[in-house]
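Novice: Sending over a structure as structure tokens; questions will come in a sec.
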Amino acid sequence: MSERRVALVTGANRGLGHALAAGLSRHGLSVVVTARDERDACEAAARLRVQQPGSQVEAHQLDVTDPASVFRAFAETRRSFGRLDVLLSSAGIAIDRGRSASALDMEKVRATLDTNLMGAWRCAAEAIPLMRENDYGRIVHVSSGMGSLANMTSGSPAYRVSKAALNALTRVLADEVAQDNILVNSASPGVTATRMNYGGEAVSPEEAAKGMMWLATAPDDGPRGGFFQGRSVVPW
Ligand SMILES: NC(=O)c1ccc[n+]([C@@H]2O[C@H](COP(=O)([O-])OP(=O)(O)OC[C@H]3O[C@@H](n4cnc5c(N)ncnc54)[C@H](OP(=O)(O)O)[C@@H]3O)[C@@H](O)[C@H]2O)c1
């Protein structure tokens, strides 16, 4: 079994996922860089190895909407490292900007829920048994302030509902694994300069990722079942 802690990051080929993978690697973890396109995963892993000589980085194809691909990536992680300590679910889509809930193509709703909610769910279901083997786990769901029920408005309806549902999943899982030293939390990056976000004032992915690292590396008495932006609590 690998001596170093091992983190798997989804959507790690670009944007926030890539910055999170770099941050975790810098923190001394072995990192499994995953992307839905295998070549993208390999290129992203190669970039990290160049930026951080001595890092332990592995690449795997993982499409969060494809159960066989999810299963394979976690099985290969087990084969390579014999453990999984951190899951960072960053893969996400926003395909209903400017749309209204009352006139939305249901195929967009289905696709959004399949990626943003069920994708993270599929990954957590594979990760938790592996984490239980070592009585240690940290799961971070990359959510959004747009999923906050307390602040809910119209616009991007499928995206908003998917992130509110992801937050509910965080609460359910956090309670389910409360005895297993597995901490599950939701994190909002805030407005971040990635392909998903069109302009406006935004922080860099590296800056946003920094705000999430503490959840990914939290001590055993760290937060569980919470929703944070940086270290500030976001209302559900
Ligand atoms: N940027 C913001 O302001 C902001 C704010 C709040 C929350 N977020 C959340 O932050 C997370 C990361 O987004 P980002 O800002 O970094 O946007 P991004 O640059 O568009 O990155 C999205 C990532 O998700 C991947 N992805 C999409 N569908 C996937 C699938 N089926 N399987 C695996 N990977 C998939 C993309 O892969 P491909 O390259 O293959 O498309 C890409 O790597 C998302 O969950 C998003 O909702 C972002």
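Novice: Kindly indicate whether any position in the stretch 179-201 is more than 14 Å from the chain's Cα centre (by Cα), closer than 18 Å to G147 by Cβ and among the aromatic types (F, W, Y).
Specialist: no
Novice: If you don't mind, another one. Could you look through the stretch 22-37, keep only residues that are touching a helix residue (DSSP H, G or I) at 6+ places or on another chain (Cβ under 7 Å) and more than 20 Å from R79 (Cα to Cα), and pick out the one that is surrounded by the most Cβ atoms within 10 Å (Cβ to Cβ)?
Specialist: L24
Novice: Check M131 against each of (1) within 15 Å of the ligand (Cβ to nearest atom); (2) surrounded by 22 or more Cβ atoms within 10 Å (Cβ to Cβ) and name the one condition it does not meet.
Specialist: Tallying (1) within 15 Å of the ligand (Cβ to nearest atom); (2) surrounded by 22 or more Cβ atoms within 10 Å (Cβ to Cβ), M131 fails exactly one: (1).
Novice: Can you tell me which residue in the stretch 3-21 is surrounded by the fewest Cβ atoms within 10 Å (Cβ to Cβ), limited to those that are within 13 Å of the ligand (Cβ to nearest atom), in a strand (DSSP E or B) and not polar (S, T, N, Q)?
Specialist: The selected residue is L8.
Novice: Under 24 Å from L84 (Cβ atoms), of a type in the set (V, I, T), in contact with a Lys or Arg (Cβ under 8 Å, 6 or more places away or on another chain) and surrounded by 14 or more Cβ atoms within 10 Å (Cβ to Cβ): which single residue out of T217, T170 fits that description?
Specialist: Every option except T217 fails the conditions.
Novice: Might you check whether a residue that is in contact with a Ser or Thr (Cβ under 6 Å, 6 or more places away or on another chain) and within 10 Å of the ligand (Cβ to nearest atom) occurs anywhere in the stretch 97-111?
Specialist: Within the stretch 97-111, none of the residues are in contact with a Ser or Thr (Cβ under 6 Å, 6 or more places away or on another chain) and within 10 Å of the ligand (Cβ to nearest atom).
FYI, it's all coordinate maths here, none of it is from the lab. Computed from a predicted model, the values in this text were never measured in an experiment. Please note: Cβ atoms are built from the backbone with ideal geometry, for glycine as well, and neighbour counts cover all protein chains shown.
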